[in-house]
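Participant: Input: one structure, supplied below.
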């Protein structure tokens, strides 16, 4: 019998002096496949193994060694394995192949002519339920922490001190340098210089070249007006620093260089500052030249020729350099420590240039923030410095720290994108962002509130914001200058005078307006693809439409907002709505036959219900119909009110799948009645028990969507809209109603929730209701300024169809008040809730709800309003003098005047 454990002898070595064949890569021992014993290979697996083994040359292939099954390892003593050397055959067996071991692709399917094609592989369609398939939007996490902007004014605070409302001053984006002193504006780019006298014209008073002015090969890299002891000389002498390190002074009245200092710096002059009667110049290498006024001369001015500067050294290549609170603040984009990674916290260095022997102090923000982009001091908070950072952060530094150096006391996130520019103006903090918007923040209010937010630079970054203190003396205005990537320089009213006038006019609105009441009925229901024919077999189903339409006595406006009119699980139905949705209405406003008949069935049923429920002497007209992948809005107006409606418009906002799909979103309708505007939103927000932030992001997207409607074409002020808006955004409207399946849940276990519902203890559930908590505690929640009636009815979600039992499926969802109606009014007293209730219709997994309101609308008497406005404008003149005097005192203390 053959010994199964007998090892095969090794192959004989080649004869001395014989040449070994040079094996091909396929035959290399390192690349050769492992021989497998034939006894361990079944006949069914031979073909598969041979198909994946690389081919070998017959001349270099070895015969397969017959290897029996390997015995268990031998042990020596306490568990030590035998150290018997392995034979070449065993090494060959244990060696693993190298190289590409991927399996070949599967065979291609061949479909014959006439064969049915296989179904296309599609990603799962987002459903209306918990498994929506949507991931949380990363931006939604930041939206909750941002300051509230729901009541901010969108009006552009254009300054009126010049004869031109819109200037056309071009500033090159990357090379442009600007110096402003009242109506005097100097713009330089490389060796070109232009001077504007805005008291005369917005065209250049003169345009010159440094070569013509005697400064050959000089490219201007920084500019600033120098102080002057003689008041008549202020705002006419500008210092310019060049890329070559030269300094020279220009008298803009004579278009001449009156002084120069060649080679003052060995590197590019990056910054020039005016501080009291002192001028400071800085370059890339960290060299600071401090030009103090002549000692012993009371009215002496600094001079490039006669003033001997002293030198101060700071860190080199600082991207942010600015005088704030009497100190020089600097910061670079990134700080590295040896070969380690970049530090995420920017190091800020502060220098006291006017204390002999002082050295720089390095300070750090209290949180991880981006690089420093800008900084300022607020007149209302002169003991704090505010620094703007990339990432949308602002760090706040106290100048009265105990240890003597500035200390970071707070970090605020104010924007989802970078804060590129920052300026303290009066009692507001102005910030410019990447999308061309300038926002003014009330920092005294906690949390911060956005009081003004307007489009300043055509959607392009706001690169610079600065206050012009000289404008106080020369124009009797507090002017703020902004420069954008759109290469335009713009002026703004720092005192926001027009906003003050509008607020005073609102207080006097009853003097020049008449008021009347209208009744509004809002019905909201997630029908879960139920058809109107299903409203049978139960008295609550049969009488539902009659009951809801008679819940308000003779409503002037009726709004039906339905969700999930079509089955969102049906790809065919959803695709049909998406493809044909742009042609869903005919010229007379009726729904087209091309769209799924589900919308049309409900439309027709609502027409009949309104006609039957309302008195025949009060007919109604459909003023709006719109659908959006399950959402359906149908609005009626009493014919007696229909003639008073203006600016009627309707639009949809998609929020599903990142704004690409309409399974979530809203239908937004609006109209103006008399001189009041009303906006009504029918929405369906993100589903899921834990998707609170995603729902909040849906809310913010709808309320902050730009150009939802066409702007008002009113020649004069659009009196129907609020906040300086023109009616193109939702919050421009005086009264806003929101209804729909908002999907906010109850953060509580199912059994206690059902027990509380059974006993009617709804108050115990309200403390766990997500919407209630967000409105109460989330300072950035966009619905925080909205109101809701008391929830005195049971949760409306989720029921088994055709029953009164809560969800008995395997998911056993927690009941919740998913269906809600909210409202907001500029004057809260002008909207009064009549009722807020639910109905026991059981053909859907949601119960419908309705809310009735009495809304007060106004009619403005234009002539009376004009007289009142003249009185308010006269009062503003006195108020403006007080504010300018306080501003001037502040800029004197900050050594800017």
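Participant: Looking at segment 686-703, which of its residues are touching a helix residue (DSSP H, G or I) at 6+ places or on another chain (Cβ under 8 Å), surrounded by fewer than 23 Cβ atoms within 10 Å (Cβ to Cβ) and part of a loop (DSSP other than H, G, I, E, B)?
Facilitator: 688
Participant: While we're looking at this one, here's another question. Looking only at segment 379-391, count every residue that is closer than 13 Å to residue 422 by Cβ, more than 19 Å from the chain's Cα centre (by Cα) and surrounded by fewer than 24 Cβ atoms within 10 Å (Cβ to Cβ) and tell me the total.
Facilitator: The number of residues fulfilling the criteria is 1.
Participant: So, one more: Please verify whether segment 820-827 includes one or more residues that are assigned to a loop (DSSP other than H, G, I, E, B), surrounded by fewer than 17 Cβ atoms within 10 Å (Cβ to Cβ) and touching a strand residue (DSSP E or B) at 6+ places or on another chain (Cβ under 9 Å). Before the answer, list the steps.
Facilitator: Residues of segment 820-827 assigned to a loop (DSSP other than H, G, I, E, B): 826-827.
Restricting the remaining residues to those that are surrounded by fewer than 17 Cβ atoms within 10 Å (Cβ to Cβ) gives 827.
This time we only want the ones that are touching a strand residue (DSSP E or B) at 6+ places or on another chain (Cβ under 9 Å), so: 827.
Taking every residue of segment 820-827 in turn, at least one turns out to be assigned to a loop (DSSP other than H, G, I, E, B), surrounded by fewer than 17 Cβ atoms within 10 Å (Cβ to Cβ) and touching a strand residue (DSSP E or B) at 6+ places or on another chain (Cβ under 9 Å).
Participant: Let me ask something else. Checking the conditions here, which among 505, 579 is surrounded by fewer than 17 Cβ atoms within 10 Å (Cβ to Cβ) and either modelled with pLDDT under 95 or within 21 Å of residue 671 (Cβ to Cβ) (or both)? Reasoning before the result, please.
Facilitator: On the way: 505 fails: surrounded by fewer than 17 Cβ atoms within 10 Å (Cβ to Cβ).
Every option except 579 fails the conditions.
Participant: Under 6 Å between Cβ atoms, at least 6 apart or on separate chains: pull out the pairs that start in segment 609-635 with a residue that is crowded, with 19+ Cβ neighbours inside 10 Å and end on any residue that is in a loop (DSSP other than H, G, I, E, B).
Facilitator: 630/564; 630/565; 630/566; 630/568; 632/565
Participant: Can you report the number of residues in segment 441-467 which are in contact with a helix residue (DSSP H, G or I) (Cβ under 9 Å, 6 or more places away or on another chain) and farther than 19 Å from residue 785 by Cα?
Facilitator: 1
Participant: Please work out which residue is modelled with the highest pLDDT, limiting yourself to segment 710-725 and to residues that are surrounded by fewer than 23 Cβ atoms within 10 Å (Cβ to Cβ) and more than 15 Å from residue 499 (Cα to Cα).
Facilitator: 710
Participant: Same structure again: Where in segment 182-240 are there strands (runs of 3 or more DSSP E), lying fully within it, with 3 or more residues that are without any contact (Cβ under 8 Å) to a residue 60 or more places away in the chain?
Facilitator: Counting at least 3 such residues, we get 192-197, 204-209, 220-225.
Participant: Now for a separate question. Specify which of the listed residues (872, 841, 877) is surrounded by 21 or more Cβ atoms within 10 Å (Cβ to Cβ) and either more than 35 Å from the chain's Cα centre (by Cα) or not in a strand (DSSP E or B) (or both).
Facilitator: From the options 872, 841, 877, the qualifying one is 841.
Participant: From the list 606, 521, which one is at pLDDT 95 or above, more than 37 Å from the chain's Cα centre (by Cα) and under 17 Å from residue 634 (Cβ atoms)?
Facilitator: None of the other options fit; the residue is 606.
Participant: Restricting attention to segment 527-551, which residues are out of contact with any strand residue (DSSP E or B) (no Cβ under 9 Å at 6 or more places or on another chain) and outside any helix (DSSP H, G or I)?
Facilitator: 529, 530, 531, 535, 536, 537, 538, 543, 550
Participant: Moving on. All but one of (1) modelled with pLDDT of 95 or more; (2) under 25 Å from the mean Cα position of the chain (by Cα); (3) within 23 Å of residue 664 (Cα to Cα) hold for residue 735; state the number of the condition that does not hold.
Facilitator: Only one criterion in (1) modelled with pLDDT of 95 or more; (2) under 25 Å from the mean Cα position of the chain (by Cα); (3) within 23 Å of residue 664 (Cα to Cα) is unmet by residue 735, namely (3).
Participant: Which of the residues that make up segment 405-425 are crowded, with 21+ Cβ neighbours inside 10 Å and in contact with a helix residue (DSSP H, G or I) (Cβ under 8 Å, 6 or more places away or on another chain)?
Facilitator: Listed by number, the list is empty, since nothing qualifies.
Participant: Yes or no: segment 394-407 includes at least one residue that is in contact (Cβ under 8 Å) with a residue 60 or more places away in the chain and over 27 Å from residue 468 (Cβ atoms).
Facilitator: Within segment 394-407, none of the residues are in contact (Cβ under 8 Å) with a residue 60 or more places away in the chain and over 27 Å from residue 468 (Cβ atoms).
Participant: Quick one: what pairs do we get from segment 546-557, first residue surrounded by fewer than 18 Cβ atoms within 10 Å (Cβ to Cβ), second assigned to a helix (DSSP H, G or I), C-beta under 8 Å, 6+ apart or different chains?
Facilitator: 546/609; 546/612; 546/613; 550/613
Participant: Further question on the same structure: Would you check if residue 883 is in a helix (DSSP H, G or I), buried (at least 16 other Cβ atoms within 10 Å of the Cβ) and at negative phi?
Facilitator: Yes; evaluated as a whole, the condition is true for this residue.
Participant: Exactly one condition in (1) in contact with a helix residue (DSSP H, G or I) (Cβ under 9 Å, 6 or more places away or on another chain); (2) outside any loop (DSSP other than H, G, I, E, B); (3) without any contact (Cβ under 8 Å) to a residue 40 or more places away in the chain is false for residue 761; which is it?
Facilitator: Going through the list (1) in contact with a helix residue (DSSP H, G or I) (Cβ under 9 Å, 6 or more places away or on another chain); (2) outside any loop (DSSP other than H, G, I, E, B); (3) without any contact (Cβ under 8 Å) to a residue 40 or more places away in the chain, residue 761 breaks only (2).
Participant: Take the residues in segment 155-182 that are surrounded by 20 or more Cβ atoms within 10 Å (Cβ to Cβ) and touching a helix residue (DSSP H, G or I) at 6+ places or on another chain (Cβ under 7 Å), then tell me which one is farthest from residue 727 (Cα to Cα).
Facilitator: The residue in question is 181.
Participant: Now for a separate question. Select from segment 156-165 the residues that are touching a residue at least 12 places away in the same chain (Cβ under 8 Å), in contact with a strand residue (DSSP E or B) (Cβ under 8 Å, 6 or more places away or on another chain) and not in a strand (DSSP E or B) and list them in ascending order.
Facilitator: Residues satisfying the conditions are 156, 157, 159, 160, 161, 162.
Participant: Working carefully through the options 867, 830, find the one that is farther than 30 Å from residue 795 by Cα and surrounded by fewer than 20 Cβ atoms within 10 Å (Cβ to Cβ).
Facilitator: 867
The values are calculated or read from the model by the stated rules, or taken from the named source; none is laboratory data. Given the structure is predicted, the values throughout are model-derived calculations rather than measurements. So basically every Cβ, Gly included, is an ideal-geometry build from the backbone, and we count neighbours across all protein chains shown.
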